[in-house]
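First up is the structure itself, then whatever we jot down about it.
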Amino acid sequence: MYIYRRYKLTIDDGDRMRDPIFGTLLIIIRLPISLIWTPDIVLYDNPDTRTRFEPNALIDQSGLVYYSQPVRLEVDNCRPFQDEFRCTFKFGSWTFDGFKIDLQNRSQVIDLSNFQLHNYDIIDTSVVRNELHYACCPESYPDITYTVNLKKIKTGWFDRL
């Protein structure tokens, strides 16, 4: 079973371009992500890392870069307990440490407005930012872990046995 979802990423390098000519006008440039640097944020333990297509990035006049890339999440990351499942999805940089990429979650909850599951109810969700430190090195390795708790819907008399 797979979950298809888009993840949204905002890149803020802290060195924003400022031009008084722009004023309050909203100017957005669209570029293929192959033409700009993008971080290597991946879903750990996901065997399918292929990109479905190359989306455009949106760059505004302040220098912020936004892009939303569709991903296919394998539900192999789910652990069953009776008729409930706990699914964890851990995202982080594959090669950059916390000094280079400081991952931050934009919300403490998962946006489920477009989320569809058949035969399951969503019981609970959480979003947690973690930092892993190794004894050898001063830098941290941040990740964002999303947890979704699901319960199988009993649809017929056979499920209730």
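Structure data summary
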quantity: Where a residue in segment 43-68 is farther than 10 Å from Ile28 by Cα and open to solvent by less than 80 Å² (accessible area, probe 1.4 Å) and its partner, wherever it lies, is aliphatic (A, V, I, L, M) and at pLDDT below 80, with Cβ under 6 Å and at least six apart; calculated: Tyr67/Leu9
quantity: From the options Arg18, Arg50, residue that is modelled with pLDDT of 60 or more and not in a strand (DSSP E or B); calculated: Arg50
quantity: Single residue of segment 139-156 satisfying the filter (more than 14 Å from Ile110 (Cβ to Cβ) and of a type in the set (Val, Ile, Thr)) that is surrounded by the fewest Cβ atoms within 10 Å (Cβ to Cβ); calculated: Thr155
quantity: Residue within segment 110-121 that is open to solvent by less than 50 Å² (accessible area, probe 1.4 Å), touching a residue at least 24 places away in the same chain (Cβ under 8 Å) and in contact with a Ser or Thr (Cβ under 7 Å, 6 or more places away or on another chain) present; calculated: yes
quantity: Hits in segment 78-98 (condition: open to solvent by 70 Å² or more (accessible area, probe 1.4 Å), more than 20 Å from Tyr44 (Cα to Cα) and outside any strand (DSSP E or B)); calculated: Gln82
quantity: Residue in segment 128-138 that is aliphatic (A, V, I, L, M), in a strand (DSSP E or B), closer than 25 Å to Phe85 by Cβ and open to solvent by 30 Å² or more (accessible area, probe 1.4 Å) present; calculated: yes
quantity: Number of positions in segment 139-158 that are over 19 Å from Phe85 (Cβ atoms) and of a type in the set (A, V, I, L, M); calculated: 1
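The values are calculated or read from the model by the stated rules, or taken from the named source; none is laboratory data. Only a predicted model underlies this, so the values are computations on that prediction, with no experimental measurement involved. Cβ sites come from the backbone with ideal geometry, for glycine too, and all protein chains shown count toward neighbours. When the accessible area is computed, the model is the full protein with side chains, heavy atoms only, and any ligands, DNA or RNA have been set aside. Shrake-Rupley method; radii C 1.70, N 1.55, O 1.52, S 1.80 Å.
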